[in-house]
Amino acid sequence: MKAYDIELILSRQLAECLSIPVFITDTEGNLLFYNEQAEEILGKRYEETGEMPVEEWSTIFKPLDDKGNLLSPEDLPLVQTLNNCLPAHGSFWIKSLVGENHKISVTSFPIMGRGNRFLGATAIFWKIK
Amino acid sequence: MKIRILGTRGSLPSTNPETFRYGGNTACIEVSNDDQFFIIDAGTGVLKLSPELISKQNRFDILLTHLHIDHIQGLGFFKPLFDPRNEIHIWGPSSSSRTLQNRLNRYLSPPLFPVHFRSLPCQKELHEISRSSFELCGLQVETAYVSHPGPTVGYRITDGDFVFTYIPDHEPFLGNRGWNYGKKWISGMGLAYKADLIIHDSQYTLEEYPDKIGWGHSSIEQAIRYAGIAEAKKLLLFHHDPNHTDSQLDYILRSYSGFTPEGLEIEHAVEGSVYNLR
């Protein structure tokens, strides 16, 4: 049986203790965990969905710019972090599952474990409007 | 595979009649297979290694879980280090910033120790490990980082169908509000899963633990629950608190009888005891 690396396990445990939305992905962008606060943005409970492949969870959001144009995946901070192993930050609009538009600010950073092993990424969200 | 326990105590050696039965030496385990052996951790228990055994070989492998003092305290007194004919291999967790040698130097140098690590006459080879897998004495060794302050690994040693797991310093449920995350979300579970014998941290009682959260150790209750989740067969409670006397340890273990997971056998680790996994 293969368990997750301790850096991912502790990231999850920290995320569970925070009152800001946190998403944790593996190196491919598959969603490993999101906390209770992130459930409000995603519109789904982690206990119901469990882990989600990148193809599935990335379609839940519709990221839009200030003019209402759909953003490409490469414009999203988390995708940039996964591609470059570097922190990224950005603000954009999303349409929630219940049809509400929210402007959010996202900061993402790579989870670089001991020995500089790239293990995944964490994204933290703030609702601006 | 044969496992001999040379040191069971955590944090600090405890040499008094009240801790004699379970042992006062700090962490050290001898693992042997056929005529070869290696040791895990080099607490003061390393001095209990039999001179006859030492005289039989010139290569010594010392596997360290981490570099807290109770796990390396005996290293400077390990006689084979002072014989130039000997080849010493030290395996220890990789750090993001400092080499294993650099970290060992902190202890094996003045003012803490009179002899510099680099001045030891033996032939030294250091191996930095993380999520690693290698073979030693015909046994398969797997390692992974576990939840404990500073770089710390646990070991899973496999001999055919038999598995021995050693995680002496471990706080797997730190910050974990639930117990139902699933096995792969629990620290060290890949090492402990279905072990025939697991030696696991159990430094505190349930009453003591709340004042020690984040110190990197488990309560006895957590160790039992951990071994149960891992579906291990036998748990040796280890890293005894230096303040716990033999009679207190007896009382603690009795208080958990009837609350143990089905199929799990539990004992306190006893200095000098031997387990054959065959």
Members of the range A:14-51 that are β-branched (Val, Ile, Thr), part of a loop (DSSP other than H, G, I, E, B) and over 17 Å from A:PRO110 (Cα atoms): A:ILE20
Filter the range B:31-90 down to residues that are of a type in the set (Gly, Ala, Ser), touching an Asp or Glu at 6+ places or on another chain (Cβ under 9 Å) and without any contact (Cβ under 8 Å) to a residue 40 or more places away in the chain and give me whichever is least open to solvent (accessible area, probe 1.4 Å). B:GLY43
Take the range B:211-243 and flag every residue that is in contact (Cβ under 8 Å) with a residue 24 or more places away in the chain, part of a helix (DSSP H, G or I) and open to solvent by 20 Å² or more (accessible area, probe 1.4 Å). B:GLU221, B:ARG225, B:GLY228, B:ILE229
Considering only strands (runs of 3 or more DSSP E) fully contained in the range B:15-101, which possess at least 1 residues that are touching a Leu at 6+ places or on another chain (Cβ under 9 Å), on the phi < 0 side of the Ramachandran plot and within 14 Å of another protein chain (Cβ to nearest Cβ)? B:87-93
Among (1) open to solvent by 40 Å² or more (accessible area, probe 1.4 Å); (2) more than 9 Å from chain A (Cβ to nearest Cβ); (3) assigned to a loop (DSSP other than H, G, I, E, B); (4) more than 21 Å from B:GLN101 (Cα to Cα), the one test that B:ALA195 misses: (1)
Residues of the range B:104-134 being of a type in the set (D, E, K, R) and within 13 Å of chain A (Cβ to nearest Cβ), in sequence order, are B:GLU128, B:ARG131
Does any residue in the range A:1-19 that is more than 7 Å from chain B (Cβ to nearest Cβ) come within less than 7 Å, Cβ to Cβ, of a residue that is in a helix (DSSP H, G or I) and of a type outside the set (Ser, Thr, Tyr) six or more places away or on a different chain, and which pairs are these? A:SER19/A:GLN37
Within the range A:14-28, residues within 28 Å of B:GLU142 (Cβ to Cβ) and open to solvent by less than 10 Å² (accessible area, probe 1.4 Å) come out as A:ALA15, A:ILE24, A:THR25
Considering every residue within the range B:199-210, establish whether at least one is assigned to a helix (DSSP H, G or I) and either over 16 Å from B:GLY10 (Cα atoms) or without any contact (Cβ under 8 Å) to a residue 12 or more places away in the chain (or both). yes
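The values are calculated or read from the model by the stated rules, or taken from the named source; none is laboratory data. Note that the structure is predicted; figures quoted are calculated from it, not measured. FYI the Cβ positions are ideal-geometry reconstructions off the backbone, even for glycines, and counts take in every protein chain you see. The accessibility values were calculated without ligands, DNA or RNA, using every heavy atom of the protein model including side chains. Shrake-Rupley method; radii C 1.70, N 1.55, O 1.52, S 1.80 Å.
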